[in-house]
Amino acid sequence: MSIAENLARIANDVSMAVARRRQGVSGTGTQVKIVAVTKNQEAAAVREVIDAGTASIGENRVQEALAKAGVLDRRAEWHLIGHLQTNKVRQAIPLFELIHSVDSERLAREIDQVAAKTGKRQDVLIQVNAADEDTKYGITAGGVTELARMITRLEHIRLCGLMTIAPFFPNPEDARPVFKTMYDLFVALKAMQLSNSSIEWLSMGMTNDYVVAVEEGANLVRIGTAIFGPRH
């Protein structure tokens with residue numbers, strides 16, 4: 001199937017998943033943004049996905065995103081979905097509209113300082129290690145409130161929600177408790193009504209589990225293989 005056909009199928013899956021949401025899952029709305037994850041894909045594939053109607057592009061690495069952005073002749077909304085090292089912040093700020101992976105006070109402060117120098121207010125998500133996996137980045141669920149309060153005291157960074165990467169399960173249903181936990185955290189964060197914030201995005205779900213994630217309240221899903229096929 002072509003990239004355009006894959007996107008159409010995914011959009012249909014998402015629409016049906018929204019319709020199946022359990023009672024009470026409403027805090028993230030019914031519109032779901034699909035971010036096309038282009039890690040290890042050529043610039044030609046990025047052009048094709050944009051032309052097919054999905055201009056939200058997710059990259060794991062700053063350098064790879066910069067290289068592709070430099071040769072694309074298309075307007076894209078760039079999302080940084082991978083771990084961001086503090087020494088890469090200066091390169092990341094000018095390109096990315098949303099950074100999904102803020103997981104420490106140190107990183108938040110560095111983003112704020114660099115954004116101030118460039119005259120930008122950087123939108124970010126807090127990355128949560130909801131399953132407490134040793135191999136994953138992100139703060140614990142219990143640390144969300146403290147980090148959120150700290151971020152919203154900074155002038156040049158705006159907190160827009162939460163992100164998680166669920167464990168990989170052969171059966172996506174096994175990820176449902178993780179997504180339920182994240183939705184509850186999102187609702188609690190929104191209820192805090194923090195100043196200097198716009199809590200609107202719950203980023204969770206990838207190729208293997210995005211349907212379950214949307215059923216549990218995700219309104220931003222990060223999909224690569226289901227769009228492009230296996231990575232090169």
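All of the numbers you see were taken from the coordinates with simple rules; none came from a lab. Only a predicted model underlies this, so the values are computations on that prediction, with no experimental measurement involved. Glycine also receives a Cβ, built like all others from the backbone with ideal geometry; neighbour counts cover every protein chain displayed.
Observations
- Max mean-square fluctuation residue, GNM over the chain, Cα-Cα springs under 10 Å, options Val89, Val124, Val212: Val89
- Were the residues from Glu64 through Asn40 laid out at 0.36 nm apart, the gain over their Cα-Cα distance would be 7.8 nm.
- A Stokes-Einstein calculation at 10 °C with viscosity 1.306 mPa s, built on the Kirkwood radius of the chain over Cα pairs, returns a diffusion coefficient of 89 µm²/s.
- A straight chain from Asp73 to Asn87 at 0.36 nm per residue would run longer than the Cα-Cα distance by 2.2 nm.
- Estimated dipole of the stretch 81-209 in Debye, rounded to 20 [Cβ of Lys and Arg +1, of Asp and Glu -1, Cα centre]: 580
- The chain: most fluctuating residue of His79, His156, His100 per GNM, C-alpha cutoff 10 Å: His156
- Dividing the convex hull volume of the alpha-carbon atoms in the stretch 113-159 by its residue count gives 73 Å³ per residue.
- In the chain, the sites counted are chymotrypsin sites (Phe, Trp or Tyr not before Pro) in DSSP loop states with at most 16 other Cβ atoms within 10 Å, and the longest stretch holding none of them, exclusive of the sites, is 1-136.
- The charge dipole of the chain, taken about its Cα centre with unit charges on the Cβ of Lys, Arg, Asp and Glu (plus for the first two, minus for the last two), comes to roughly 500 debye.
- Note on Glu97 and Ala188: the model spin-label points, each 7 Å out from Cα along the C-beta direction, lie 3.1 nm apart.
- With at most 14 neighbouring Cβ atoms within 10 Å, loop GluC sites (Glu not before Pro) (DSSP) excluded, longest segment of the chain: 156-232
- The value given for the stretch 53-188 is a Kirkwood hydrodynamic radius of 15.6 Å, derived from the mean inverse Cα-Cα separation.
- Choice from Gly143, Gly205, Gly58 with maximal GNM fluctuation in the chain (Cα, 10 Å cutoff): Gly143
- Label point distance in nm, Asp132-Lys117, each placed 7 Å from Cα along Cα→Cβ: 3.9
- With θ taken as phi - 60° and the Karplus curve 6.51 cos²θ - 1.76 cosθ + 1.60 applied, the whole-hertz 3J(HN,Hα) list for the stretch 103-120 is 9, 7, 5, 4, 5, 4, 5, 5, 4, 4, 5, 5, 4, 4, 5, 9, x, 10 Hz, x standing for glycine and proline.
- Residues listed by number, the stretch 14-50, amide nitrogen under 16 Å from Glu200 label point at 7 Å toward C-beta: 27-35
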